[in-house]
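To start, the structure under review is shown below, and the notes come after it.
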Amino acid sequence: MMPAADTALQSPFSADWYAFILVWCIQDLSMETLTAEGVVRRAGDMLRAYRDMREANFMGADKYFHARGNYDAARRGPGGEWAAKVISNAREASQRVTDLFKYGDSGHGVEDSRADQAANEWGRSGKDPNHFRPAGLPDKY
């Protein structure tokens with residue numbers, strides 16, 4: 001009998017999605033000396049920020065968590081900023097496709113996506129993600 005799955009570790013994305021991102025990251029890193037383990041750690045920084053955002057469920061905190069995930073990944077040294085950019089761009093692109101199917105070519109979510117990308121770039125550049133931290137967000141985050 002197998003133990004029950006830990007629901008805190010479950011993700012809204014399939015394992016295939018994460019495998020695709022990992023392979024994409026490794027293929028594009030041919031000019032850098034970065035291991036698959038390093039890519040996984042950087043992706044883990046991004047995933048940790050995403051999970052914290054979902055757990056916090058705090059109005060107005062989205063941009064803070066975008067900036068924090070990118071900041072944490074970019075601080076991991078060579079390739080960190082690049083990996084954060086690839087993952088962020090893939091996430092925003094997938095959201096655009098989802099919105100296109102849900103809402104048609106209405107432009108739904110375009111401004112929010114631009115604001116997310118600005119927060120992503122802020123964090124990747126090493127700027128303090130607390131710039132986006134909303135008042136009242138628990139210190140845990």
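The values are calculated or read from the model by the stated rules, or taken from the named source; none is laboratory data. Just so it is clear, the structure is predicted and the values come from calculations on it, not from any experiment. All Cβ positions, even for glycine, are placed from backbone atoms using ideal geometry, and neighbour counts span all protein chains on display. Quick note on the areas: whole protein, heavy atoms, side chains included, nothing else; ligands and nucleic acids left out. Shrake-Rupley method; radii C 1.70, N 1.55, O 1.52, S 1.80 Å.
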What percentage of the solvent-accessible surface of the stretch 95-140, computed with a 1.4 Å probe over protein heavy atoms, is contributed by carbon and sulfur atoms? 54
Contact order normalised by length for the stretch 35-141, with contacts defined as Cα pairs under 8 Å and 6 or more residues apart; what percent is it? 37
Can you list the lysines whose alpha carbon sits under 19 Å from that of K127, skipping same-chain ones fewer than 8 residues off? K63, K85
What is the extension gain from A118 to V40, computed as 0.36 nm multiplied by their sequence separation minus the C-alpha to C-alpha distance, in nm to one decimal? 25.7 nm
Potential lengthening between M59 and D139 on full extension [0.36 nm per residue; Cα-Cα distance subtracted]: 27.3 nm
Once S106 and R75 are pulled to full extension, the length gained, defined as 0.36 nm per residue separation minus their Cα-Cα distance, is 7.5 nm
Summed over the other residues with a beta carbon less than 13 angstrom from that of G109, with K and R at +1 and D and E at -1, the charge totals -3
